[in-house]
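First comes the structure, then the notes that go with it.
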Amino acid sequence: MIGHVIRDDQVESRVALRYRSLSATAIMRAFLFCALLCNEAVSASQPQLPVRLRLEPLSIRGRSGSAIPVRIKLEYNSAQMLQGDLILEIYNSFYSKDDLMATIRHEGIVLQDTDYILNTVLPPIEHSYQKQYLVVGWYETDTQRIPLTADPKLLDPPEPHELLSIGSFERATLICSVSGQSDYQSPGPNRAFLNNALSLDNYSPIPNSRNRRNSGPSTGPGSIESQKVQNYTVSWDALSLPEDPLHLCCFDVVLLADGGFSRLEELQLKALKTWVEAGGSLCVLADDNRLTGQHVQFLQTMFRTDESADLHFALGDDSTLVVICDERDPVINRHLGLGRVTLLPNVSDLSSRLNGAELGSVVGHLWKLRSDSPVFSGRKWQTPDVVSLLRRRGIEVTKDQSGYSVVNKRGAQHVRGRRQRFKTLEQMAMHFEVSHELQPKGSPLASASETALLPDGVEMVPTYIIAMLLIAYVVTIGPVDYVVLGYFKARKYTWLMFPLVTALFTALTVSIAHQYMASTDTGGAISVVDITDGGRPVRRTDLQMHFYASQTTLSEKVRRAFVVPGQMLIATNMQYGTPQGPRAVSTGVHYSGRFPQAYSLEHRLRQWEPQIVRSMTLTPDAGDVLQIPWDDANLVTSNAGRQKLQQHLQQAAPAGASVAAVVLHQDQRFQVGGGGSLFSPSVIKRGEEWVETEVRFRRHNQTPGPSITAVGLLQSACRTGTRDYFSLVSQVSPQGSASLEDLPVLDPTDASQWLLMIAVKGKENRTVVYRRLYRVSD
């Protein structure tokens, strides 16, 4: 019995356990069913968007001051055709009306049963102060406006898409590494080596900031971040390389390896040539056997084999590149227009072939470093010494136990002979604005344009008139109102007189302001045209001042150009390119069409607020170029040649225009025919004294417009006397930004370089400056 009882208990226990297990399973199934119903109810309550936006940056970070490459993907799965415009609103860090920087409208996008993919660029607008842009998208048809939100739950307002960007106080560079392989994200050994070895930050004397602690602020002026070069490398498929040279302005250097060169088509090769001639840098590793005749012809053009008897390219029987020269497996560096090209040898292990000085020469060549840079020898670059730099400016520095004593031996009269004391070198460098900071800074020409391009006759209302109006207003609403109304026993009308008097003085103030600031002219313009072989223009930059007496909207049609509003700069020392900071005055720019190929631009301008607009094209019209022998270097390297050049300029000058010319070579200036009205020594000296004058003293002197323009043009062509990025490099690849950092072209440490500048000014306040860079071997 006991055994049977035990067996019955076991059976009952098993039945109970099974019953509880079935109950738990049923409860779980019921819970999951309820959750599914809730999710379906929530999904049904949310609106189903017919179009979704995927915004993908084509690089981890962009380069400083350049356009941003992005891939736009519109997801649409309906068989019904949908036609409309894609609208992108770009905000600086915060989603607010005041932070709207630009609006881009891509017109005529048709969607039907498939995804729409567009590779494009965002314009080179101002830097983000929070290292990110917010992009809000819309798809607009004739009947609806669909929000392309990043979060389907947030539609009003839509959730912005985030794009990482470069901060205002850091210098970032970008290499585009192009591969011909299907798995282009996985580089071969040679391309992997070059992706790292070509980075400029490998030669920085400052250790990685991640390994430094308690060494100063992490961001902002004077921080470690502002003293380093952050390099990024992005891998691209050769088929994705753009056919528009403006898209290549996103990069500092383009590297072709892993069979990428042979995969390029004719239009891609043409875009590369146009971009390099305008100042880009191209590195080619022809490491495959799929080359054709057009690729060999491209290399012959880029490396100018017609001018080199010891260099020739040919196509081998196995469709590989054959380099015919005196050296085996050579490293070939050449100049083309304003840019640089490098051909690397096709060897199995490039890391063992390139090292030390030879690798440094490649890096220095591609990044356009100054010719005296230690990087060419494979060593770290050096930061310019503060004391030596100030002494070259005419400022004597002596050190004693209490710090540094400084006496200015030249410069403006109000600072000449003044003695100042500083406890540390950092304080002295900050005072004279020569701190070692590599972040982008405003060009001297940007500062000059703000003053020199204002309409003639426009001036600020004098301070004494403003003071008189204020005193008269206070006296009228105070004693006069009390006495006059009291005399007529009508003080009860005080509340009527007060608004009437206020309205009268407001109208009077506006009338006086119009007399001083109103003008039928809206401002002048400066155009900088860079010339290469055969008198062919390869790049054009236009700076247009817009100054209106009433609020207006600027509209214009643009083709194959970047157009951005300039950042007006509060300049303290224009000559050395060290403004206090940008003053944002733009209320947003509207691009509509196929940016940047063909589009219309609208820009709202405020009343009495000067606004510079910068445009840059790499395909300028050659019709207006002066007809002189541009290829004759003898016209700039000798006195006899410059006299002959003056005769050519007199014959080629347009009717009614004044022509001025100057030649720059290292630290020397050679006026052509006295320099004309713009580049004469007296005009330049007056401009230099004005820009060295402190702002508080400038109000007592008349602004010398031509002198400021001359100094701005000279200092923007060749940057000297700085401890910023241009103390390392002589120029940068074209970018099109408002900072005008891509204007310098002359290396003052290279004895083989000569720069000719010719300024042509017509009857209107418009100056066209032609520049031709010569490289003359001894």
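The values are calculated or read from the model by the stated rules, or taken from the named source; none is laboratory data. Predicted, not measured: the structure shown is a model, and the values here were computed from it. Cβ atoms come from the backbone with ideal geometry, glycine included; neighbour counts cover every protein chain shown. Note: areas computed on protein heavy atoms with side chains; ligands, DNA, RNA excluded. Shrake-Rupley method; radii C 1.70, N 1.55, O 1.52, S 1.80 Å.
Residues in region 517-543 that are open to solvent by 50 Å² or more (accessible area, probe 1.4 Å) and either part of a helix (DSSP H, G or I) or at pLDDT 90 or above (or both): 4 in all. Screening region 335-346 for residues that are out of contact with any Leu (no Cβ under 8 Å at 6 or more places or on another chain) and assigned to a strand (DSSP E or B) and picking the one that is least open to solvent (accessible area, probe 1.4 Å) gives L336. Restricting the search to helices (runs of 4 or more DSSP H) fully inside region 678-727 and requiring at least 3 residues that are touching a Leu at 6+ places or on another chain (Cβ under 7 Å) and at pLDDT 90 or above gives 705-717. Report every pair of residues separated by at least 6 positions or lying on different chains whose Cβ atoms are under 6 Å apart, first residue within region 300-322 and modelled with pLDDT under 85, second not acidic (D, E). Pairs found: T305/L311; T305/H312; D310/C325.
Of the set (1) surrounded by 15 or more Cβ atoms within 10 Å (Cβ to Cβ); (2) at pLDDT 80 or above, all apply to E450 but (2). Of all residues in region 604-611, at least one satisfies being at pLDDT below 90 and either small (G, A, S) or touching a His at 6+ places or on another chain (Cβ under 6 Å) (or both). Here E764 meets the list (1) assigned to a loop (DSSP other than H, G, I, E, B); (2) modelled with pLDDT of 90 or more; (3) under 26 Å from L649 (Cβ atoms) almost entirely, failing just condition (2).
The set of residues in region 601-655 being over 30 Å from V564 (Cβ atoms) and open to solvent by 60 Å² or more (accessible area, probe 1.4 Å) consists of Q627, D631, N634, N639, A640, Q643, K644, Q647, Q650, Q651, A655. Just for region 675-688: of the residues that are of a type in the set (G, A, S) and touching a strand residue (DSSP E or B) at 6+ places or on another chain (Cβ under 9 Å), which one is surrounded by the most Cβ atoms within 10 Å (Cβ to Cβ)? Step by step, filter region 675-688, then rank; the result is G676. In region 348-369, the residue that is nearest to A257 (Cα to Cα) out of those that are in contact (Cβ under 8 Å) with a residue 24 or more places away in the chain and among the hydrophobic types (A, V, I, L, M, F, W, C) is L350.
Here are some residues: S373, S405. Which one is among the polar types (S, T, N, Q) and in contact (Cβ under 8 Å) with a residue 60 or more places away in the chain? Outline the logic, then answer.
Values: S405 fails: in contact (Cβ under 8 Å) with a residue 60 or more places away in the chain.
Only one candidate qualifies: S373.
The lone criterion from (1) buried (at least 21 other Cβ atoms within 10 Å of the Cβ); (2) small (G, A, S); (3) over 15 Å from K73 (Cα atoms); (4) more than 18 Å from the chain's Cα centre (by Cα) left unmet by G137 is number (3). Can we say L369 is open to solvent by less than 30 Å² (accessible area, probe 1.4 Å), in contact with a helix residue (DSSP H, G or I) (Cβ under 6 Å, 6 or more places away or on another chain) and not small (G, A, S)? Against the criterion (open to solvent by less than 30 Å² (accessible area, probe 1.4 Å), in contact with a helix residue (DSSP H, G or I) (Cβ under 6 Å, 6 or more places away or on another chain) and not small (G, A, S)), L369 qualifies.
Scanning region 375-390 for residues that are within 14 Å of V729 (Cβ to Cβ), part of a helix (DSSP H, G or I) and open to solvent by 30 Å² or more (accessible area, probe 1.4 Å) yields a total of 1.
Is it the case that F94 is open to solvent by 60 Å² or more (accessible area, probe 1.4 Å), within 29 Å of L122 (Cα to Cα) and modelled with pLDDT under 90? If you could, list the steps in order and put the result at the bottom.
Working: open to solvent by 60 Å² or more (accessible area, probe 1.4 Å): yes; within 29 Å of L122 (Cα to Cα): yes; modelled with pLDDT under 90: yes.
Here the answer is yes, as F94 does meet what is asked.
Of all the criteria given as (1) among the hydroxyl-bearing types (S, T, Y); (2) outside any helix (DSSP H, G or I); (3) under 24 Å from S739 (Cα atoms), the one not satisfied by T398 is (3). Answer yes if at least one residue in region 718-734 is without any contact (Cβ under 8 Å) to a residue 60 or more places away in the chain, out of contact with any Lys or Arg (no Cβ under 8 Å at 6 or more places or on another chain) and farther than 20 Å from C249 by Cβ, and no otherwise. Checking region 718-734: at least one residue is without any contact (Cβ under 8 Å) to a residue 60 or more places away in the chain, out of contact with any Lys or Arg (no Cβ under 8 Å at 6 or more places or on another chain) and farther than 20 Å from C249 by Cβ. Among residues of region 632-654 that are assigned to a helix (DSSP H, G or I), those with a Cβ under 8 angstrom from a residue that is of a type in the set (S, T, N, Q) and open to solvent by 60 Å² or more (accessible area, probe 1.4 Å), sequence gap 6+ or separate chain, pair up as G641/N634; A652/Q627. For region 148-207, taking the residues that are in a helix (DSSP H, G or I) and hydrophobic (A, V, I, L, M, F, W, C), the one that is surrounded by the fewest Cβ atoms within 10 Å (Cβ to Cβ) is identified as A197.
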